[in-house]
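Novice: The structure that follows is given in the form of structure tokens.
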Amino acid sequence: MGEADGAAGPGEADGAAEDLFVPVVTGAARPDPRVLPAAPVTRFAPAPTGHLHLGHLVNALYTWGIARATGGRVLLRIEDHDRQRSRPEFEAALLEDLQRLGLSPDEPPIAAFRAGATPYRQSNSGELYAAALERLREAGLIYACACSRATFAGYEEERRRPWRGIGCPGGCRALGLDDNGAITLRAAVGAGSERWIDLLAGPMADEPASGGDPPVRDRAGNWTYLFAVVVDDMRHGVDLVIRGRDLLEATPTQLRLAKMLGREAPPVFLHHPLVRLGSGRKLSKAHGDTSVRSLLDGGASPAALFGRAARLAGLQTDEQPIDPGALGGLFSA
Ligand SMILES: [Zn+2]
């Protein structure tokens, strides 16, 4: 998924299944049933850049489990905003894996993806992101940025600290560079903090600009994850975002972008523990031995896999199998 999708590259694909563990960062793995919103709209949003793995299964466990425990709805969204890395064969495979696992989205039916273009696929939604961009541009909040990775690295080398604060290290907003379609576009998110509720971590507050202005479109012409999911969650009425702890830092930036686009009520968040390798590295799709399809092909039942995912997430102490239809029980009072 956009969210659980690691940036792992070649050479990271080691670690036997026995090495998997979940570091307990803060708080419990299970949200207090009394704080769960009633009938939320949430989403499962994988990126088709590899096969579903145990990390996705943990995310699915929370997503379907909480939706079923609260009378909520699960939307399925294909996050193929990265056109260079996304592949139709991975989308086809993940749809098949969801069906084998017994996980049905409430909206849209899986058949909608197989039928062709759908607004639940990001690559079919470019006009909507472009319209959102234009709204921000008309408000004077978008600028072209010529800074490269080397610009950021050079700043860090010179000052002995990473770049922080409003804008970008090159001060590009003041330069008024042309948007030639092959340059990064950033949104000027401004100062101040955003507050939100995290169902595991409690009330949170942080500054969106702590890492600089976020890119909304990269120089390859891709809409960024940060921007596309904000537009998607608004248009689809998603009011509960369930994702891994690695995205906690992105939250204030996304809340600010949503506010700039006119979203009045922010979503509630749940950032769940990540499944990691014993080495501490995040599990990614590069770890083929933990792909859901290879585990299913090897004879594991969906119930056994959900039991294992629940233990990895710290939701149960053993691997007691959980039927796909009983996931709500993990989150009920
Ligand atoms: Zn710049």
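Novice: Would you kindly derive the ³J(HN,Hα) couplings of segment 73-89 from the backbone phi angles with the Karplus curve 6.51 cos²θ - 1.76 cosθ + 1.60 (θ = phi - 60°), listing them in order in whole Hz, with x for Gly and Pro?
Specialist: With coefficients 6.51, -1.76 and 1.60, one gets 10, 10, 8, 9, 10, 9, 9, 9, 5, 8, 6, 6, 9, 7, 9, x, 5 Hz.
Novice: Another one. Under a 10 Å cutoff between Cα atoms, tell me which one of TYR155, TYR225, TYR62 has the largest fluctuation in the Gaussian network model of the chain.
Specialist: Among TYR155, TYR225, TYR62, the largest mean-square fluctuation in the Gaussian network model of the chain belongs to TYR155.
Novice: Spin-label point model (7 Å from Cα, Cβ direction): what's the ILE166 to ARG135 distance in nm?
Specialist: It works out to 2.4 nm between the two label points.
Novice: A follow-up question, please. Per-residue counts of other Cβ atoms within 10 Å, averaged by peptide: what ranking do you get for 30-43, 105-118, highest first?
Specialist: Per-residue Cβ counts within 10 Å, averaged per peptide and sorted highest first, yield 30-43, 105-118.
Novice: Using the Cβ atoms and a cut-off under 13 Å, what net charge is assigned to the surroundings of ASP213, where Lys and Arg are +1 and Asp and Glu are -1?
Specialist: So the surrounding residues net to +4.
Novice: How do the peptides 211-218, 178-185 rank, highest first, by the average count of neighbouring beta carbon atoms within 10 Å per residue?
Specialist: Going by the mean number of other Cβ atoms within 10 Å, highest first, we get 211-218, 178-185.
Novice: Using only the Cα atoms of segment 194-333, each taken as one equal point scatterer with no solvent, compute I(q) by the Debye sum, divide by I(0), and report log10 of the ratio at q = 0.18, 0.20 Å⁻¹.
Specialist: Result of the Debye calculation: -1.16, -1.24.
Novice: Want the number for ARG159 to GLU319: 0.36 nm per residue separation, take away the alpha-carbon distance, what's left?
Specialist: Result for the pair: 52.7 nm of gain on full extension.
Novice: Moving on. Given 10 °C and 1.306 mPa s, how large is the Stokes-Einstein diffusion coefficient of the chain in µm²/s, with Rh as the Kirkwood radius over Cα pairs?
Specialist: 77 µm²/s
Novice: In whole angstrom, note down how far apart the Cα centers of segment 112-177 and segment 183-221 are.
Specialist: 11 Å
Novice: With θ set to phi - 60°, apply the Karplus curve 6.51 cos²θ - 1.76 cosθ + 1.60 along segment 224-240 and write out the HN-Hα couplings as whole Hz, x wherever there is a Gly or Pro.
Specialist: Result, ordered by residue: 7, 3, 3, 7, 4, 6, 5, 4, 5, 5, 5, 6, 9, x, 6, 10, 9 Hz.
Novice: Using a basic spin-label model with each label point 7 Å from the Cα along Cα→Cβ, how many nm lie between ARG114 and ALA333?
Specialist: For the pair ARG114/ALA333, the computed spacing is 4.1 nm.
Novice: Long-range amide H contacts for GLU107: which residues qualify at under 5 Å (H placed 1.01 Å from N, peptide plane, sequence gap of 5 or more or a different chain)?
Specialist: Correct list: VAL74, LEU76.
Every read-out reported here was derived from the displayed coordinates using simple, explicitly stated rules and does not represent laboratory data. All of these numbers come straight from a predicted model, not from anything done at the bench. So basically every Cβ, Gly included, is an ideal-geometry build from the backbone, and we count neighbours across all protein chains shown.
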